[in-house]
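A.B. asks: Please see the structure below; I have some questions.
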Amino acid sequence: MAERPHLIAELKEDLRFAARLLRKTPGFTATALLTLALAIGANTAIFSVVNQVLLRPLPFPEPERIFRVVRRDPNGIVTLLSVPQYAFLSGQPQPFSRMAAFRPILSGFILSEGELLEYLPGVRVTQSFFEVLGFSPALGRGLLPEEDAPGGPLVVVLSHELWQRRFGGSRDVLGRSITLNRQAYTIVGVAPPTFQFPEDAQLWTPLQLDMTSTEDAHYLAVLGRLRPEVEPTRVSSLLAAQSEQLRALRQASLRPNLRLDASELQSLQTQATRPALLVLLGAVVLVLLIACVNLANLQLARAASRERELAVRIALGASPPRIVRQLLSESLLLAGAGGLLGLLLAIGSVPALLALAPGRATLPKTVSLDSTVLAFTLGLSVLTGLLFGLLPAWQASRVAPHGSLHASAWRTTPGPVQRRTRWWLVVSEVALAIILLIGAALLVKSFALLRRVEPGIDPRNVLTLKVSLPEVPYANPETLESFIRRAEERLRTLPGVEAAGCALTLPFEIGIRLAFTHEDRPPEDPLAEGNIILYRPVTRGYFEALKIGLVRGRLLDDQDRHGSPSVVVINESAARRYWPGEDPLGKRIRIGVRVPPLADTKPREIIGIVRDVHEEALQGEPPPIFYIPMGQMPPQLHIRSIRLRPQSLLVRTSEDPLLMTTEVQRELQAADPLLLATGVSTMEEIVSGSFGLQRFSTLLMGLLAGLALLLAAVGIYGVLSYLVSQRIQELSVRLALGATPGQVVWLVLRQGMVPVMVGVVVGVAGAFGLTRLLAHLLYSVSTLDPAAFVAAPLVLVGVALAAMLPLAWRASRVNPMVALRTE
């Protein structure tokens, strides 16, 4: 116990001495602090996002026991469930105590009070939704079973934010009737402040499923809360057994190549962005290691310049551990100050980082630097101080006082141990930088190739809007057709409008997939794989607005409407896949055969073939697409599309489309005063958002690679500068004995380039293994792409030469007489 105050006193003394030394060397201190701030700040910024997205539990009670139930095929593709599948699982005793279903695409609700209209994104959920997620409403109650039955009363649970904003937080709101989509809903509850699932939802209404339905349409997201006695590891095996039971009970409910499975809700929500975030976290760790190598080299140089001082300390009785502790205190003080600056840098940079994130990514809109992030920054600062300070401190503690105090002045070159240490530090620094540069080069090439892919549409000058239509009166197909025709005609009369169209979904949005059969071929097994197409209800102006070119036949026109002969336009990909070597025009098909309530009652005639469109993603081949007139959707599919998703309006203009937003919305309301257009965006933004994750990863990896390159250049320059200064007398002797300036330049460059080239070789070898982690982020680029593996080393070698040439030139210009006279 008596030693503890003594150690604390020594630590305080070491820190005061370290602070004085750092003040006396402002150049070194500023360089070290800037390096640490950049490296620790980058790590803190990325970790704060990783923490909030991947590590922080969802804001639900026992979130690790909430699972999302899905269908999986052999490739692991996750899909939605049907009503029969949900009904079957809900009746099983294991593994879930409660289950809930909801429509994952937000429904649009127009709240109307007199002439005041407001768009509110909402979710249609089953009665058990709040119970599965572990929440009770903050006010009132949740949904009752009778309210979730078909034809049940219309009730709504408000979000806490909507309750505060629109109703002033009044407790009298319960039982009040509000008008949503022209129907009266009764407010029965208010969600707690922390509840917002799915994100952006402001209200929840009953889904009112018919649990006796045999309709095999897959549009439900299904959640389940595990029973207390069920281990999470058993979920998949239990659901696999239930898959076979369901298939035996009714084969049409689950195709042979599919099985039911479940994953933790948080895992599924973050699966799109998890790989990119982990790659970026690995990249910033490499940057931190490069910074540590840099600072270790600087500390070695400072320790060498203080060799006599340290020798005196040892001669006066300082033990090696005491020397190590004193030098480590300098490193830790630097690391602590650099960590504080890095934290401030992270606070300022995280909003910019999130602004770069793609709209489709599951990244939060804001990130809070909580206690976990602060603890991470503190721990990282201490670890960094130890990493770059321990080796120089250990070497300094091994100084021989007798030799150092009596060493003659002509011994100006560092010892062999110091030379080897610095040599390997340069090798390490270059190798780490090469790995980052190659990874960035692969992503840049991939992104460049992705940007060159033609989407199949012309997205320039196209404005898109979302229109949520109420079931009354638009559940009637003729009423919908009449409204769309009025709206499109009014829009086409606006100055600057070149075309206007409407569609159920836009390219790069989640669309409907249905199976079809050929009328002129033998009957096919409706459960067989193969004839699955993207189903796109559109108006005739859709093709003109997006400039989708006609190949053969004709496009949809005003005669293709509800009640007229059923027709369909297909794309080139569908023609090649399903009618190889044939002319599809005039062929007859039926769509939706696997889901009879949503199927065509009469065959459709193929009237045209259009150019391919990358409807889902720019990566891969364009999928087969069938375009049908909006008025010719089967009645049940029409009603469901109106109820569950907003329609999309497209307007092509001759100028900046966003400038016409007000005029377009005005004309839309002139066609129906009780409608409100939302989700305003340009088609260019939608296309850009489709590769937003690749752009996000490429930009950040490029920035980190640039930082690594800068740190490597600074490190090489610093080490070589120190070595040149240590050998100045030797170089002077060489010049005095007849060596030419060119020979001195070559000597200095050779000394610097050898560890650089070794580092390049080591880095390329490491990149061969590590770049495989980028495979999921690359498009049409191999992880062993020769161009990247050649370009990155050339760039680094060029930067290294640029850092070394001024030093080599300066060394060759030394005046031998002046240098020797100083000795």
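A.B. asks: Out of (1) modelled with pLDDT of 90 or more; (2) within 34 Å of the chain's Cα centre (by Cα); (3) surrounded by fewer than 20 Cβ atoms within 10 Å (Cβ to Cβ), what's the single condition that is false for E244?
C.D. replies: It fails just one condition, (2).
A.B. asks: Of the residues L555, L585, which is touching a Phe, Trp or Tyr at 6+ places or on another chain (Cβ under 6 Å), over 30 Å from R255 (Cβ atoms) and assigned to a loop (DSSP other than H, G, I, E, B)?
C.D. replies: Answer to the check: L555.
A.B. asks: If you don't mind, there's one more thing I want to ask. Report whether or not E131 is outside any loop (DSSP other than H, G, I, E, B), under 17 Å from P206 (Cα atoms) and touching a residue at least 24 places away in the same chain (Cβ under 8 Å).
C.D. replies: yes
A.B. asks: Continuing with the same structure: Consider region 436-468. How many of its residues are out of contact with any strand residue (DSSP E or B) (no Cβ under 7 Å at 6 or more places or on another chain), open to solvent by 30 Å² or more (accessible area, probe 1.4 Å) and not small (G, A, S)?
C.D. replies: Number of matching residues: 8.
A.B. asks: Further question on the same structure: If you scan region 743-763, which residues turn out to be open to solvent by 30 Å² or more (accessible area, probe 1.4 Å) and not aliphatic (A, V, I, L, M)?
C.D. replies: Q743, W746, R750, Q751
A.B. asks: Here are the criteria: (1) among the hydrophobic types (A, V, I, L, M, F, W, C); (2) surrounded by 12 or more Cβ atoms within 10 Å (Cβ to Cβ); (3) within 12 Å of L154 (Cβ to Cβ). Tell me which single one A184 does not satisfy.
C.D. replies: Single failed check for A184: (2).
A.B. asks: Let me ask something additional. Could you check A283 against (1) open to solvent by 10 Å² or more (accessible area, probe 1.4 Å); (2) modelled with pLDDT of 80 or more; (3) out of contact with any Asp or Glu (no Cβ under 9 Å at 6 or more places or on another chain) and say which number it fails?
C.D. replies: Against the list (1) open to solvent by 10 Å² or more (accessible area, probe 1.4 Å); (2) modelled with pLDDT of 80 or more; (3) out of contact with any Asp or Glu (no Cβ under 9 Å at 6 or more places or on another chain), A283 comes up short only on (1).
A.B. asks: Related question: I need the full set of residues from region 20-48 which are exposed (fewer than 14 other Cβ atoms within 10 Å of the Cβ) and of a type in the set (G, A, S), in order please.
C.D. replies: G27, A30
A.B. asks: Can you tell me which residues in region 629-662 are more than 21 Å from A475 (Cα to Cα) and of a type outside the set (S, T, Y)?
C.D. replies: Correct list: L650, V651, R652, E655, D656, P657, L658, L659, M660.
A.B. asks: Applying the selection to region 473-494, what residues are farther than 18 Å from H562 by Cα and either open to solvent by 10 Å² or more (accessible area, probe 1.4 Å) or part of a loop (DSSP other than H, G, I, E, B) (or both)?
C.D. replies: The answer is E489, R490, R492, T493, L494.
A.B. asks: Among the numbered criteria (1) of a type outside the set (S, T, Y); (2) within 19 Å of T539 (Cβ to Cβ); (3) surrounded by 19 or more Cβ atoms within 10 Å (Cβ to Cβ), which one does D672 miss?
C.D. replies: Of (1) of a type outside the set (S, T, Y); (2) within 19 Å of T539 (Cβ to Cβ); (3) surrounded by 19 or more Cβ atoms within 10 Å (Cβ to Cβ), only one is false for D672: (3).
A.B. asks: Considering only residues that are β-branched (V, I, T) and either buried (at least 22 other Cβ atoms within 10 Å of the Cβ) or not in a helix (DSSP H, G or I) (or both), which ones fall in region 619-656?
C.D. replies: I625, I628, I642, V651, T653
A.B. asks: Same structure again: Restricting attention to region 771-801, which residues are closer than 30 Å to V745 by Cα and open to solvent by less than 50 Å² (accessible area, probe 1.4 Å)?
C.D. replies: Passing the criteria: F789, A791, A792, P793, L796, V797, G798, V799, A800.
A.B. asks: Can you list residue pairs whose Cβ atoms sit under 9 Å apart, with the first residue in region 474-490 being of a type in the set (K, R) and modelled with pLDDT of 90 or more and the second being surrounded by fewer than 17 Cβ atoms within 10 Å (Cβ to Cβ) and not in a helix (DSSP H, G or I)? Count only pairs 6 or more apart in sequence or on different chains.
C.D. replies: R485/D558; R486/D672
A.B. asks: So, one more: Got a sec? Which of I314, I347 is at pLDDT 85 or above, farther than 24 Å from T698 by Cβ and in a helix (DSSP H, G or I)?
C.D. replies: Going through I314, I347 in turn, just one is at pLDDT 85 or above, farther than 24 Å from T698 by Cβ and in a helix (DSSP H, G or I): I347.
A.B. asks: List every residue pair whose Cβ atoms lie under 6 Å apart, where the two residues are 6 or more positions apart in sequence or sit on different chains, the first residue falls within region 557-578 and is within 18 Å of R590 (Cβ to Cβ), and the second residue, located anywhere, is in a loop (DSSP other than H, G, I, E, B) and open to solvent by 20 Å² or more (accessible area, probe 1.4 Å).
C.D. replies: Here the result reads S566/K602, each pair linking region 557-578 to a residue that is in a loop (DSSP other than H, G, I, E, B) and open to solvent by 20 Å² or more (accessible area, probe 1.4 Å).
A.B. asks: Mind checking whether some residue in region 607-618 is within 16 Å of G511 (Cβ to Cβ), open to solvent by 20 Å² or more (accessible area, probe 1.4 Å), among the charged types (D, E, K, R) and in contact (Cβ under 8 Å) with a residue 24 or more places away in the chain?
C.D. replies: Within region 607-618, one or more residues are within 16 Å of G511 (Cβ to Cβ), open to solvent by 20 Å² or more (accessible area, probe 1.4 Å), among the charged types (D, E, K, R) and in contact (Cβ under 8 Å) with a residue 24 or more places away in the chain.
A.B. asks: What is the one condition in (1) surrounded by 21 or more Cβ atoms within 10 Å (Cβ to Cβ); (2) outside any strand (DSSP E or B); (3) touching a Gly at 6+ places or on another chain (Cβ under 7 Å); (4) not acidic (D, E) that G689 does not satisfy?
C.D. replies: The number of the failed condition is (1).
A.B. asks: Any residue at all in region 94-111 that's part of a strand (DSSP E or B), over 17 Å from R259 (Cα atoms) and basic (K, R)?
C.D. replies: yes
A.B. asks: Same structure again: From the set of residues in region 247-273 that are touching a residue at least 12 places away in the same chain (Cβ under 8 Å), crowded, with 16+ Cβ neighbours inside 10 Å and charged (D, E, K, R), which is farthest from L710 (Cα to Cα)?
C.D. replies: Residue satisfying both the conditions and the ranking: R255.
The values are calculated or read from the model by the stated rules, or taken from the named source; none is laboratory data. Keep in mind that what you see is a predicted model, and the values were worked out from it rather than measured. Because the Cβ atoms are built from the backbone with ideal geometry, glycine has one as well, and the counts that use them run over all protein chains shown. For the accessible areas, the whole protein counts, side chains as well, though only heavy atoms, and no ligand, DNA or RNA atoms are used. Shrake-Rupley method; radii C 1.70, N 1.55, O 1.52, S 1.80 Å.
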